[in-house]
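As structure tokens, the structure follows; a few thoughts come after it.
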Amino acid sequence: MGKAKQISLVFLGVLGLLVIALGVVIATFDVNAYRADIANVLSKQFNRTVQLKGPVKFRFSSTGGLAVIVHDAAIANPVWASRAQMAGIGKLELGVELFPLFHHQLKISQVTVGNADILLETSGTNQHNWDLQMVDNNQPTNVTPAKTPAVDLTNSSASPSAAISVDKINISNSQLALRTASGDINTFIVKSGWLEERSDGLTLHFDSLYNGSPLLLDLKSSAGNLQKDTTWPFEATASYAGYDVKAKGEVSQSGKLITFRDYAVSFGGSNIHGQIQVALDGVRPSISGVLLSDKLSPSDIKPFPVAGVKETNSALPASVSATIGASPVVAAPTKLFGDEALPLAALKSADIQLDIKIDEMDLTHIALNHIAATMTLSQGRLALSPLTAKLADSEINMQFVLDASLQPAQMSLSLKAPTLDLTSLLKAAGTKEFMAGKGNIDVSLTANGNSPEALASTTNGAIALIVDSGSISVQALGQVGAGLAELIAPGSSTSQMGLNCLVVRFDVKDGIAHDNGLLGDTTATTVAGTGGFNLGAETLDIMLHGRPKIANALGILPPVHIGGTMIKPHITLDKAGTIQSVMGLLSNSKADTSGVPVIMTEAGQNSCLYTLSHPSAAGAKSQPPVQDVSTKTTNKAQKVGNILKGLLGH
């Protein structure tokens, strides 16, 4: 036998004896005898009370390394926190491979965490309970520490740091709760989950609950080493609170650039898909890409659930429990524009450039089609410009800006729809579709404020709707409000009535709209309006007067008042105005039409618009009813009495 071979055998024999000896030491060494001392050292090191309540064990792992197992450990909270313990861990197992240690490598084969309860919280003074004030036990308290020369990490002659790698992390039956300074608590409970790095890439799986709703997450990456590889391709699927997500992409630039080359999100009957890139290397995240949708319904967009945590001021892992708050009962809104502050700070948290295309958007009463928009968010300024869509076969063009970089925030809105379908417009308003035809709508508004109410109260601009021709459903009109059918279609025996023209114009200043021409003309009557509405107070005050074209009304059309609020409008007959007209008729005086002009016509022009533009000429003319009431009535007083009886309900 050669000398070299003999030396090798001796070396292997000694190494084997050392391994056996180490095994005997590990098997016979009772670390629990020093458990209190270890906890005391850790408490001083972290400047927090650390408890090791359960047994501590050493054993050889199945991977040829050493496993350290700790049961029932806890670390205390600072005095200002909401409960005694920051964290409790039922079981922590750490597997370390031995041989890589000889090559200056710390290879952790597996980390297993079970029955853990961790509460991270922030105080009202912005203190964090996870900020541990580590104590340097190597420095005497009465000696000024010497300055240590900085280590040049680029110098290859410097001592290399140990390479650390973790093959697998297992978590089960554990809870992480986040408590904000305002007391809001979000809870993440992991039923089972793992993160494993293998030769063919990375695998992550979580079966969990977030604020009481199931959250499933699966991710695979072909990256072989997260520390060495500069690009990490991934495929991911997730499901939470009714949202199902699929995505393919990559993480690059050391995690500073995330590219979703293909993503798809489905929820309810809606879906969005496209490509998105998120850059994290700037002052704020920058998001750019394309958002596409075959169908999108705002009613399918549900807020994520919010939960509360049941705290007992005792460290787990005796149990892991959460009390999920029931969904709040949403009361019927009493205002359109609330006084709650808008989350304008969120507009400053990211920069966004998105091209948006939505085939169909299903709103409450109508559907918009072929929506195309460019969305830009830069330093708090949000712009949708341009935005185009189709309502039925009507083209809509809009521009919207909300600038939160200014104080208060400023808003501008421009909307033009030259051939808007009136039936669709009435559907969008949530009322009966009593009118058909095409209208030209033009809205230009500006406002400033940090809440919807403030924006409404400071609105300035103009609103206009002009209709050249159309038709009116008499039956549907009668269902809209009391007196409207009597005012617009008096004595009509037909179900449909011709609409010759219509102009509705308002000028808005400081949230208050005043009429700038309210005039409509049908085959039976001409109707003019006065008044307006208050956006801040959300009140309506519009009076409608009519001039009849047929004799059945005796020359009397009861004025109609539109009042109440925007949430609950009231349409009623103006009794005082009607009685005044009746008394005038009884005294054989001329019926008061309260300034309703006679419609004038001009070739190629909207008659109502032309009449409003020539008020002196329209007021100078008179137009008698189509029939003479006196030839049809033998007792005027009797018919007038019937009108009063129907009006007053006696």
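Each value in this text was obtained by applying a stated rule to the coordinates, not by laboratory testing. This structure is a prediction, so every number in the text was calculated from the model and none was measured. All Cβ positions, even for glycine, are placed from backbone atoms using ideal geometry, and neighbour counts span all protein chains on display.
Descriptive notes on the structure:
- Under 5 Å between amide hydrogens, built in the peptide plane, is the criterion, and for S469 it picks out K438 among residues at least 5 positions away or on other chains.
- Charge context of N516, other residues only, Cβ under 13 angstrom, K/R +1, D/E -1: -1
- Using the Cβ of D339 as centre and a radius below 14 Å, the other residues enclosed give a net charge of -2, where K and R count +1 and D and E count -1.
- Environment charge at A447 (Cβ cut-off 14 Å; Lys +1, Arg +1, Asp -1, Glu -1): -2
- FRET efficiency for the pair A238 and Y34, taken as 1/(1 + (r/R0)^6) with r the Cβ-Cβ distance and R0 = 41 Å, rounds to 0.35.
- Spatial separation of Cα centroids for the stretch 505-552 and the stretch 283-304, in angstrom: 40 Å
- Per-residue HN-Hα couplings for the stretch 528-536 [Karplus 6.51, -1.76, 1.60; θ = phi - 60°; Hz; x = Gly/Pro]: 10, x, 9, x, x, 8, 10, 5, x
- Rough spin-label spacing in nm, given labels placed 7 Å along Cα→Cβ, for Q45 and H514: 7.8 nm
- Label-point separation, S378 to S123 (7 Å along Cα→Cβ), nm: 4.3 nm
- If the segment from I352 to N440 were pulled out straight at 0.36 nm per residue, it would be longer than the present Cα-Cα gap by 28.4 nm.
- Distance between the pseudo-spin-label points of K53 and L292 (7 Å out from Cα toward the beta carbon): 5.6 nm.
- Among the listed pairs K295/K416; K57/K168; K44/K191, those beyond 30 Å (Cα-Cα): K44/K191
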